[in-house]
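Chemist: The following block contains the structure, expressed as structure tokens.
The values are calculated or read from the model by the stated rules, or taken from the named source; none is laboratory data. Everything numeric in this text was worked out from a predicted model, so none of it was measured. Neighbour counts are summed over all protein chains in view; Cβ atoms, including those assigned to glycine, are modelled from backbone coordinates with ideal geometry. Only protein heavy atoms, including side chains, enter the accessible area calculation; ligands, DNA and RNA are left aside. Shrake-Rupley method; radii C 1.70, N 1.55, O 1.52, S 1.80 Å.
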Amino acid sequence: MAFRAKPAAEFFDDLRDMVARHRILDVVMVDNIMSRDYFTELLPRLRTLDWDVTIRYEVKANLRTDQLALLSDAGVRHIQPGIESLSSRVLQLMEKGVHATQNIQVLRDADDHGLTVDWNILYGFPGETEEDYAEIIAQLGALVHLQPPAGITRILLERFSPYFERPELGFSWRRPAEQYDHVYDLPRDELHDLAYQFEGTPKGLRGEPERMLCEGVHAWHDRHAGSSLVATPVPAGLLVRDRRQGWPEREYVVEAPGALAALTATRSPRSTTAVLDLIAAADGTDQAAARAVLDRLRVDGLVFEEGGRLVALVTGSVPLRPEVTAAVSAEPVAAGADAGGAP
């Protein structure tokens with residue numbers, strides 16, 4: 001699929017002229033994704049201006065901490081990254097090109113930089129298995145301080161998407177989505193030509209694992225508003241204040257060199273092997289002892305481990321929260337043209 005982007009200078013002029021003409025400071029971009037060039041050619045320019053403009057934009061999910069900070073400084077307050085799974089293997093099936101720990105990092109750093117994140121969890125892809133979700137289900141309770149998905153949904157098929165155009169990928173049978181039956185009184189062939197969204201034979205996750213995943217996400221929504229997990233440097237190490245709902249309210253200092261090294265290193269996703277080596281070197285121990293330290297960090301919900309990689313979960317401050325959070329959606333979301341399904 002081709003990607004087109006308006007030059008940053010032209011975009012800037014359009015934004016300035018439209019805000020001045022319409023006297024509206026809340027701007028929602030209809031682009032499917034922000035051009036990578038804008039991080040060097042547009043956002044730094046917006047950051048220097050005394051504009052009280054609030055921007056919403058769709059972005060890639062593999063953003064670094066400094067890029068999220070730049071978005072915030074430039075007036076972007078709401079982002080919709082392509083986070084559609086926390087399973088690295090399912091992300092591979094979607095051809096997303098990111099690891100689950102990168103998605104977690106975006107959610108964590110968005111809170112530190114005052115960004116609201118819109119995202120969904122999609123499942124039901126051909127080839128996914130229960131094992132792809134086991135690590136996620138086991139750790140959902142540790143994530144309740146991060147912004148939850150707007151919904152968790154089994155995918156629909158969109159016309160022109162790879163899953164629609166190539167039935168051999170897994171959806172050989174399909175029919176127009178149910179909502180069209182309530183709108184159009186047409187023969188099936190005509191409805192098929194008209195429809196944009198289609199239903200196929202359910203694939204992937206089913207039964208008890210599906211129920212556990214959906215219930216875990218609903219609990220995440222219920223617990224999010226009152227939850228936080230903050231770590232601040234103190235002379236002895238890191239002071240952790242755990243206020244996540246569903247966890248014991250705790251306040252303690254992480255002092256051990258190995259644990260501190262692990263939490264510092266995993267501000268960006270790192271391989272489990274590399275983190276174990278860091279812990280062993282910092283504590284002067286062997287791999288078995290290092291694994292015990294890492295297991296303790298995971299039991300305490302301070303790190304997320306998935307697909308052979310780790311990322312820290314602690315934020316730097318308690319983020320602002322809306323008083324009322326949206327209810328989690330249970331409606332189907334379409335699998336889009338990127339084979340992963342932008343909602």
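Chemist: By how many degrees, 0 to 90 and rounded to 10, does the Cα axis of helix 272-283 deviate from the longest principal axis of the chain?
Modeler: 20 degrees
Chemist: Tally Lys and Arg at +1 and Asp and Glu at -1 over the other residues with C-beta under 13 Å from the C-beta of PHE12: what net charge comes out? Before the final figure, lay out the partial values.
Modeler: Numbers: positive: LYS6, ARG16, ARG45, ARG47; negative: GLU10, ASP13, ASP14, ASP17, ASP37, GLU41.
Taking every Cβ under 13 Å from that of PHE12, the sum is -2.
Chemist: Based on Cβ point charges of +1 for Lys and Arg and -1 for Asp and Glu, what charge dipole magnitude is obtained for the stretch 210-308 about its Cα centre, in debye rounded to the nearest 20?
Modeler: Numbers: 11 positive and 14 negative charges, 45 e Å.
That gives the stretch 210-308 a dipole magnitude of about 220 debye.
Chemist: Give the residues of the stretch 218-247 whose amide nitrogen is closer than 17 Å to a point set 7 Å from the Cα of ARG321 in the direction of its Cβ.
Modeler: 218-231, 241-247
Chemist: Related question: Taking a 1.4 Å probe, which of TRP247, TRP220 shows the most accessible area, and what order do the others take after it? Working shown, then result.
Modeler: Values: TRP247 70, TRP220 0 Å².
Most to least solvent-accessible, the answer reads TRP247, TRP220.
Chemist: Continuing with the same structure: Among PHE198, PRO269, LEU213, whose Cα projects farthest towards the positive end of the dipole of the chain, with charges put on the beta-carbon of Lys, Arg (+1) and Asp, Glu (-1)?
Modeler: Farthest along the dipole direction, towards plus: PRO269.
Chemist: Still on this structure, I have one more. Calculated FRET efficiency, ARG188 and ASP52, Cβ-Cβ r, R0 56 Å, to nearest 0.05? Working shown, then result.
Modeler: Values: r = 53 Å, r/R0 = 0.94.
Rounded to the nearest 0.05, the efficiency is 0.60.
Chemist: How many angstrom lie between the C-alpha centres of the stretch 155-218 and the stretch 241-293?
Modeler: That distance is 43 Å.
Chemist: For helix 8-22, report the angle its Cα long axis makes with the longest principal axis of the Cα atoms of the chain; keep it between 0 and 90° and round to the nearest 10°.
Modeler: Approximately 70 degrees, to the nearest 10.
Chemist: Moving on to the next point. For the stretch 149-178, state which chymotrypsin sites (Phe, Trp or Tyr not before Pro) are in a DSSP loop and have at most 14 other beta carbons lying within 10 Å of their beta carbon.
Modeler: Numbers: sites: PHE160, TYR163, PHE164, PHE171, TRP173; in loops: PHE160, PHE171, TRP173.
Sites meeting the loop and neighbour criteria: PHE160, TRP173.
Chemist: Something else about it: On a 0 to 90° scale, report how tilted helix 207-224 is relative to the longest principal axis of the chain, with both axes built from alpha carbons and the result rounded to the nearest 10.
Modeler: The two axes meet at around 70 degrees.
Chemist: Percent of Cα-Cα pairs per 10 Å bin, from 0 to the last occupied bin, for the chain, please list those.
Modeler: The percentages, shortest bin first, are 5, 22, 29, 25, 14, 4, 1, 0.
Chemist: May I ask you to list the GluC sites (Glu not before Pro) in the stretch 86-168 that are in a DSSP loop and have at most 12 other Cβ atoms within 10 Å of their Cβ?
Modeler: Working: sites: GLU95, GLU128, GLU130, GLU131, GLU135, GLU158, GLU165, GLU168; in loops: GLU95, GLU128, GLU130.
The qualifying sites are GLU95.
Chemist: Another question, if that's okay. Amide H neighbours of GLY124 under 5 Å, at least 5 residues apart or on other chains, H built in the peptide plane: list them.
Modeler: Here LEU205 satisfy the definition.
Chemist: Additional query: Which aspartates and glutamates have a Cα less than 13 Å from the Cα of LYS6, not counting those fewer than 8 places away in the same chain?
Modeler: Within reach: ASP14, ASP31, ASP37, GLU41.
Chemist: If I stretch the segment between ALA236 and ARG64 completely, what's the gain in nm (0.36 nm per residue apart, minus their alpha carbon distance), one decimal?
Modeler: Working: separation 172, 0.36 × 172 = 61.92 nm, distance 2.85 nm.
Fully extending the segment from ALA236 to ARG64 adds 59.1 nm.
Chemist: How much accessible area per residue does the chain have, in Å², with a 1.4 Å probe? Could the numbers behind the result be given before it?
Modeler: Numbers: 16640 Å² over 343 residues.
Per-residue value: 49 Å².
Chemist: Given a cut-off of under 8 Å on Cα pairs at least six residues apart, what relative contact order in percent is computed for the stretch 182-299?
Modeler: Computed value for the stretch 182-299: 13 percent relative contact order.
Chemist: If you take the beta carbon distance between VAL27 and THR273 as r and set R0 to 56 Å, what does 1/(1 + (r/R0)^6) give as a FRET efficiency, to the nearest 0.05? Kindly include the intermediate steps, with their values, before the conclusion.
Modeler: Numbers: r = 44 Å, r/R0 = 0.79.
Efficiency at R0 = 56 Å is approximately 0.80.
Chemist: Further question on the same structure: Sorted by accessible area (1.4 Å probe), largest first, how do TYR123, TYR180 line up? Provide the component values of the computation, followed by the final result.
Modeler: Working: TYR123 10, TYR180 35 Å².
Descending order: TYR180, TYR123.
Chemist: Could you look at the chain and say what percent of its accessible area is carbon and sulfur, using a 1.4 Å probe and all protein chains? Intermediate values should be presented prior to the final figure.
Modeler: Working: 8610 of 16640 Å².
The nonpolar share, carbon plus sulfur, comes to 52 percent.
Chemist: I would also like to ask the following. In percent, what relative contact order does the stretch 40-115 have, based on Cα pairs under 8 Å that are 6 or more apart in sequence?
Modeler: Numbers: 89 pairs, mean separation 25.9, N = 76.
Averaging sequence separation for qualifying contacts and normalising by length gives 34 percent for the stretch 40-115.
Chemist: Under 8 Å for C-alpha pairs, at least 6 residues apart: give me the relative contact order for the chain, rounded to a whole percent. Please report the intermediate quantities before stating the final value.
Modeler: Numbers: 613 pairs, mean separation 63.8, N = 343.
The value is 19 percent.
Chemist: Can you spot the lysines whose alpha carbon is less than 30 Å from LYS203's alpha carbon? Ignore those fewer than 8 places along the same chain.
Modeler: Of all the lysines, those that pass the test against LYS203 - Cα under 30 Å, at least 8 places apart if same chain - are LYS60, LYS96.
Chemist: Around PHE171, with a cut-off of 15 angstrom between Cβ atoms, what is the net charge of the other residues, counting Lys and Arg +1 and Asp and Glu -1?
Modeler: Neighbourhood net charge equals +1.
Chemist: Using Cα-only point scatterers and the Debye equation, what is log10 of I(q)/I(0) for the stretch 191-283 at each q in 0.12, 0.15 Å⁻¹, rounded to two decimals?
Modeler: The computed values of log10 I(q)/I(0) come out as -0.67, -0.85.
Chemist: Per the Debye formula with a single identical scatterer at each Cα and no solvent contribution, what log10 I(q)/I(0) holds for the stretch 36-195 at q = 0.11, 0.12 Å⁻¹?
Modeler: Values returned for q = 0.11, 0.12 Å⁻¹ are -0.59, -0.68.
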